[in-house]
Amino acid sequence: MTTTQPPTDERRLSYLPVPDASGVPEGVSKLWAKAEANMGFVPNVFRAQAVNGEQFLAWWNYFNLLLNKEGYLSNAERELVAVVVSSVNRCLYCAVSHGAALRHFDGDPQKADAVAVNWRHATLTERERVLCEYAEKLTLRPAEVTEADLQPLRGVGLDDHQIMELVQVIGMFNMTNRVSSALGFQPNAEYYVQSR
């Protein structure tokens, strides 16, 4: 596999060398091209995880299903949870990139920025607050989560499908945060200004 040497300045995307287009599977190249066409840039997470191209594509397929397709929770709710988990885990890449997505879907930049720092300081609905509380507990204290923790979720109207999706999104971000943080993934500059 052909790789480029990591830059020696702040533009470094990852602690590992990032492959160029000639060193990735065709599916990764196609995804990069699609992202460039749709977003105007290729997310750094797409480049950095392509070190293991087939594993990246498997991750992307599940991630895309959970976050980008029509689901049981709204897009804004899924992104809210993503930002809460990423903030709790102090994952720079995901807090910044999904903070941008939350601004887009929710339409409230102040709220999104507050959630990225400390969701308790954001103006939230009761349902959003319950989602945040559950996401934080499952992230920080998974061994303490019991069936009783589902009652507040049901109390704000979540059904079984929504609860399952909520748990899956929380799990996906805990895994993705750890990969991103462990390898020093840096957010694209574009995320900082999106939907402001």
Open item on the list: For the list (1) among the β-branched types (V, I, T); (2) farther than 27 Å from S29 by Cβ; (3) within 10 Å of the chain's Cα centre (by Cα), I need the number of the one condition that V96 fails.
Closed with: (2)
- [ ] Give the residues of the range 180-191 that are surrounded by fewer than 19 Cβ atoms within 10 Å (Cβ to Cβ) and in a helix (DSSP H, G or I), sorted by residue number.
- [x] S181, A182, A189, E190
Open item on the list: Condition check: touching a residue at least 60 places away in the same chain (Cβ under 8 Å), of a type in the set (A, V, I, L, M) and open to solvent by less than 30 Å² (accessible area, probe 1.4 Å). Does A122 satisfy that?
Closed with: no
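Being of a type in the set (S, T, N, Q) and under 23 Å from the mean Cα position of the chain (by Cα) is the filter here; which residues of the range 116-159 pass it?
Within the range 116-159, N118, T123, T125, T139 qualify.
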Task: Single residue of E54, E79 found to be under 12 Å from the mean Cα position of the chain (by Cα) and acidic (D, E) - done: E79
Task: Only one of Y134, Y93 that is open to solvent by less than 60 Å² (accessible area, probe 1.4 Å), of a type in the set (F, W, Y), out of contact with any Cys (no Cβ under 7 Å at 6 or more places or on another chain) and closer than 19 Å to Q186 by Cα - done: Y93
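Would you mind stating whether V117 is closer than 27 Å to A48 by Cα and of a type in the set (V, I, T)? Steps first, please.
Working: closer than 27 Å to A48 by Cα: yes; of a type in the set (V, I, T): yes.
Considered against the rule, which asks whether it is closer than 27 Å to A48 by Cα and of a type in the set (V, I, T), V117 comes out as yes.
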Open item on the list: So T123 passes all but one of these: (1) more than 24 Å from R12 (Cβ to Cβ); (2) assigned to a helix (DSSP H, G or I). Which condition number does it fail?
Closed with: (2)
Task: Search result, residues across the range 153-178 that are surrounded by fewer than 19 Cβ atoms within 10 Å (Cβ to Cβ), of a type in the set (A, V, I, L, M, F, W, C) and touching a helix residue (DSSP H, G or I) at 6+ places or on another chain (Cβ under 9 Å) - done: V156, I163, V167, M175
Task: Residue check for N64: surrounded by fewer than 24 Cβ atoms within 10 Å (Cβ to Cβ), closer than 23 Å to I163 by Cα and either out of contact with any strand residue (DSSP E or B) (no Cβ under 9 Å at 6 or more places or on another chain) or modelled with pLDDT under 95 (or both) - done: yes
Open item on the list: Being aliphatic (A, V, I, L, M), under 19 Å from L131 (Cβ atoms) and in contact (Cβ under 8 Å) with a residue 60 or more places away in the chain is true for just one of V45, V96, V81. Which residue is that?
Closed with: V81
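The values are calculated or read from the model by the stated rules, or taken from the named source; none is laboratory data. Note that this is a predicted model, so its numbers are computed, not measured. Please note: Cβ atoms are built from the backbone with ideal geometry, for glycine as well, and neighbour counts cover all protein chains shown. For the accessible areas, the whole protein counts, side chains as well, though only heavy atoms, and no ligand, DNA or RNA atoms are used. Shrake-Rupley method; radii C 1.70, N 1.55, O 1.52, S 1.80 Å.
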